[in-house]
1. Could you state the number of Å between the C-alpha centres of region 262-288 and region 405-484?
2. When the solvent-accessible surface of protein heavy atoms is calculated with a 1.4 angstrom probe, in what order do Asp109, Asp489, Asp452 fall, highest first?
3. Accessible area per residue of the chain at 1.4 Å probe, in Å²?
4. For the residue pair Asp452 and His140, what label-to-label distance in nm results when each label sits 7 Å from Cα along the Cα-to-beta-carbon direction?
5. What's the extension gain from Phe460 to Asn327 if we count 0.36 nm per residue and subtract their Cα-Cα distance?
6. Provide the convex hull volume over Cα atoms per residue for region 43-176, in Å³.
7. Which value, in Å² rounded to 10, gives the accessible area of Glu474 with a 1.4 Å probe and all protein chains present?
8. Averaged across orientations, what area in nm² does the convex hull of the alpha carbons in the chain project?
Amino acid sequence: MGANSRSTLLTLVLLAVSLCMAFDLSSASRDNFQYYSSIKKPAEGDDQVVASTTFNYAEALEKSILFYEAQRSGKLPSNQRLTYRGDSALSDGSSDNVDLVGGYYDAGDNIKFGFPMAFTTTMLSWSVIEFGSLMPKEIHNARAAVRWGADYLLKAATAKADTLYVQVGEPNADHRCWERPEDMDTPRPVYKVTKQNPGSDVAAETAAALAAASIVFRVSDPSYSAKLLQVATQVFEFADTYRGAYSDSLNSVVCPFYCSYSGYKDELLWGASWLHLATHNASYLSYIISNGHSMEPGVGDGVLSWDDKAIGTKILLAQGFLHGKINELQPFKEYSDNYICYLIPGTPNFQAQYTPGGLLFKRGWSNLQYVSTTSFLLLTYAKYINANGGKISCGTKTVTSADLVSMAKKQVDYILGENPGNMSYMVGFGSKYPQHVHHRGSSVPSVRSHPDPISCNSGFQYLYTSSPNPNILEGALVGGPDSNDNYADERNRYEQSEPATYINAPFVGALAFFAAGH
């Protein structure tokens, strides 16, 4: 990003981080032990009773991380486990004389959208930060998934001064083709935000992702962690100094796919919150306190998503009050309590909608993204409030950390198969799962089985065939059922059958919790 006014401060920050190992994952493990050992199951007759079904959560966890190997762009490593995928998009960035090879395809297409990719990296990192100690067999793969995204975001943020590359590929051309990533012959232009054409939303989310990833690697790779944090501070300053929504200047290529509907203020507060957590620097706390009320501190839309970070920020900042005893952050604990009450039937603030089968329902398009983030937030906030008595008040109703765990388990179990359709919405998990997933790499024969190129138009035969996908997209969460628990296993019903990286990311943390037997 070039020089900035915090260069001297950055040196002090990095020094402070090196001395601040009290917040590394080993101390998080100690906190986790105290938290997990203190949770009690609700008594029989309580409103929130832990669901009876027990799935193989360890298997689901492994598959949920494996999914990210299917989404990889670039040169694949020698230890690639999903072998139906091959190298792809090896010239990305060349049109602007930069290296943008790598990163993730966001969903079932072949575009690299920076906004959801950064959010995915943030949420994968948060999953590891909170629950990494509970996934000893998968922590290496989880870190690898974080790193694949973080490596790309580093490239996007440092390729040129005062520039952040935010997308590779022309989405309208891409969506007129149905071809596997290895055969792509659609245009691969690059898109960026600059001082003149700002993108505070995507830049601040990128800063959040890099800051969160820096915590993940603080112990296992300190030099990489320091690099991530250094770039995160620079990208955040860029986002804050040159304000504007990226979809204002890039509307034709990011809308309606990943338009910044909620604006950019939520990302600025989210980015500052992650930088505060990563650095413990007072300047970010001052920023949060000064700007928190002007950056939509209410419940907002009631969900955490790639576009709306409001409730995620509140939960994250509530930790600063509950664990860090930072009194100035107490209002965010109150906002977080209100959010929990918003979710729970029978409370004065209850507003959430559930399907007849009990699934949280927000929207008909890719609804499981909201279920996975909500499940993660419930478990994370249960962990946080345990340091403050383990309960909150929703009017006259008392809600405990165990209640939140029970609510999260019901959502997780619904996704894994305890639902009216007895359908697992994780591909490759259980005996009944989606067979016709809206995903090019999964639905088109692999380069291993069909070495000859399959052209743009020829590929549509695989979109419209009634045959199951030839390549199982292990671990992918699809968009999910409708408001009446109905699911159409049809490739062209992309609202229900398309997976996405940001659906899985928070689910990794939730599965780690239950895989550990809690």
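1. One Cα centre to the other: 37 Å.
2. In descending accessible area the options line up as Asp452, Asp489, Asp109.
3. Each residue of the chain exposes 36 Å² on average to a 1.4 Å probe.
4. Distance between label points: 4.1 nm.
5. Net length gain for the segment: 42.1 nm.
6. 177 Å³
7. 40 Å²
8. Averaging across all directions leaves 21.8 nm² for the Cα convex hull.
The values are calculated or read from the model by the stated rules, or taken from the named source; none is laboratory data. For clarity, every value in this text was computed on a predicted model and none was experimentally measured. Note that each Cβ is placed from the backbone with ideal geometry, even for glycine, and that neighbours are counted across all protein chains shown. For the accessible areas, the whole protein counts, side chains as well, though only heavy atoms, and no ligand, DNA or RNA atoms are used. Shrake-Rupley method; radii C 1.70, N 1.55, O 1.52, S 1.80 Å.
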